[in-house]
């Protein structure tokens, strides 16, 4: 069994704005646009991200939709975040540069810092209603007090006292606002992120062909990626999935999100902030990983796990411990630079003891850290096809691109072609340009075989005009028709194999 585990680094590698600073920035700008008296299109021209760059066309279009056909969603969104304790807190932390805003784990760590001091109160079952400084950092206590707007009754001998009723009321507000925050995140992710055209692919992923995927993301990026998915791949969203169809009835007080955002564990009183409790309340599958591991153990099946775009933060240690510790599993963890490699090593040392790390990493080498490939533009092949198609526009560019494509064919770089449709388009163009010489036909067929996709078995050879959106004399394209027939036969043969 091959299992791929992906984190937010996977979405970022695909060029998607899925940092939580992107979410906060989107929300800030939406509030600004809603309150602005300037013409919408003019106001959009002035909007910038936190990094000082002007917002892109994808975001402009989504704002226009929210102030037009999706006005009810915009009103719902603003209602969810107006006076929201968590939203205001995270925004302040970013503005004060106390958080970088790259990772969703930062949200979870902040939630933990706020909840942790009051966990101490809950553990004493309100007999004394106090926090001891030796239990938690008093700076964090003060941050929690400020966030919840609590009134301190007394602060004597390094002890802080509160009214039980007020604490209960404020914690209910924290809980409700966290759910509202997650509703807003669901709108942002499903309505915007999940509809952005994917611009990149990574050979690290395209070479894997996993049987199972564990996604720590709320987005459906892997599922909709044109270069990765197969109908036989089972995908498990461990923290839930931002659904595309939303119930945003303004008259309903029920939260519609199906995602998990919280801490690793909490006391009974603050159990709602724990990830496992949220999975129960959202009716999310909690046994999927155990079922896969049981299958591996039952069959004594030596398996591989590949981790991409996840730094193995200790907040998710339960999942990684049981997977990496399995005696039938070897794990490869990909990093994109020296900083991420260092971060992963540090987190591994937090999850496993020194003895375990020596055994897994140095002795038996069941854990390997590997540098990932650099991402590539998914539209490179499309641009090159259009250049060959438009030969008369720039002869020099045409010749250079033709040479490049032939080199890609000779070296059988299947990732450059992405799918069989593109192989057929290249074959057809070379056929039209009388450039199908030497081993190009054989090499293109080999590339097409490597790009077999069970979801697209048969290609229509009777409608070649659709391949290039231009008029083609079908009678002169016998080579291309035979090529497509051969691909279809190979596909059928593969699909018939168990």
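Determine which single condition residue 49 fails, assuming it passes every other condition in (1) modelled with pLDDT of 95 or more; (2) within 22 Å of the chain's Cα centre (by Cα).
It fails just one condition, (1).
Against the conditions (1) at pLDDT 85 or above; (2) surrounded by fewer than 19 Cβ atoms within 10 Å (Cβ to Cβ), where does residue 202 fall short? Just the number, please.
Against the list (1) at pLDDT 85 or above; (2) surrounded by fewer than 19 Cβ atoms within 10 Å (Cβ to Cβ), residue 202 comes up short only on (2).
Could you tell me whether any residue of segment 264-282 is under 30 Å from residue 338 (Cα atoms) and modelled with pLDDT under 90?
yes
Just wondering, is there one or more residues in segment 393-409 that are in contact (Cβ under 8 Å) with a residue 40 or more places away in the chain and touching a helix residue (DSSP H, G or I) at 6+ places or on another chain (Cβ under 6 Å)? Break it down into steps so the answer makes sense when it comes.
Going residue by residue through segment 393-409, those that are in contact (Cβ under 8 Å) with a residue 40 or more places away in the chain are none.
Looking through segment 393-409, none of the residues is in contact (Cβ under 8 Å) with a residue 40 or more places away in the chain and touching a helix residue (DSSP H, G or I) at 6+ places or on another chain (Cβ under 6 Å).
Is it true that residue 264 is under 24 Å from residue 209 (Cβ atoms) and touching a residue at least 12 places away in the same chain (Cβ under 8 Å)?
Here the answer is no, as residue 264 does not meet what is asked.
Looking for something at pLDDT 90 or above and on the phi < 0 side of the Ramachandran plot - is there at least one such residue anywhere in segment 309-316?
Yes; the residues of segment 309-316 include at least one that is at pLDDT 90 or above and on the phi < 0 side of the Ramachandran plot.
Among the residues of segment 279-298 satisfying the criterion of being touching a helix residue (DSSP H, G or I) at 6+ places or on another chain (Cβ under 7 Å) and part of a helix (DSSP H, G or I), which is nearest to residue 216 (Cα to Cα)? So that I can check it myself, show each step before the final result.
Our first condition is that a residue be touching a helix residue (DSSP H, G or I) at 6+ places or on another chain (Cβ under 7 Å); within segment 279-298, this holds for 286, 289, 293.
Adding the requirement that they be part of a helix (DSSP H, G or I) leaves 289, 293.
Details: 289: 13, 293: 18 Å.
For segment 279-298, the residue satisfying everything is 289.
Out of the residues in segment 210-226 that are within 8 Å of the chain's Cα centre (by Cα) and assigned to a loop (DSSP other than H, G, I, E, B), state the one that is farthest from residue 108 (Cα to Cα).
Residues of segment 210-226 within 8 Å of the chain's Cα centre (by Cα): 215-222.
Going one step further and asking which of them are assigned to a loop (DSSP other than H, G, I, E, B), we end up with 216-220.
Values: 216: 13, 217: 14, 218: 14, 219: 18, 220: 21 Å.
Ranking the candidates gives 220 first.
Anything in segment 282-300 that is surrounded by fewer than 18 Cβ atoms within 10 Å (Cβ to Cβ) and within 23 Å of the chain's Cα centre (by Cα)? List them, or say none. Quick ask: steps written out before the conclusion?
So in segment 282-300, the residues surrounded by fewer than 18 Cβ atoms within 10 Å (Cβ to Cβ) come out as 282-283, 285-288, 290-291, 294-295, 297-300.
Across segment 282-300, the qualifying residues are 282, 283, 285, 286, 287, 288, 290.
Keeping to segment 353-380, report how many residues are part of a loop (DSSP other than H, G, I, E, B), modelled with pLDDT under 90 and within 15 Å of residue 324 (Cβ to Cβ).
Of the residues in segment 353-380, 3 are part of a loop (DSSP other than H, G, I, E, B), modelled with pLDDT under 90 and within 15 Å of residue 324 (Cβ to Cβ).
Consider residue 320 carefully, then state whether it is at negative phi and touching a helix residue (DSSP H, G or I) at 6+ places or on another chain (Cβ under 7 Å).
yes
The values are calculated or read from the model by the stated rules, or taken from the named source; none is laboratory data. Just so you know, these numbers come straight off a predicted model, no measurement behind them. Note that we place each Cβ from the backbone using ideal geometry, even for glycine, and neighbour counts take in every protein chain shown.
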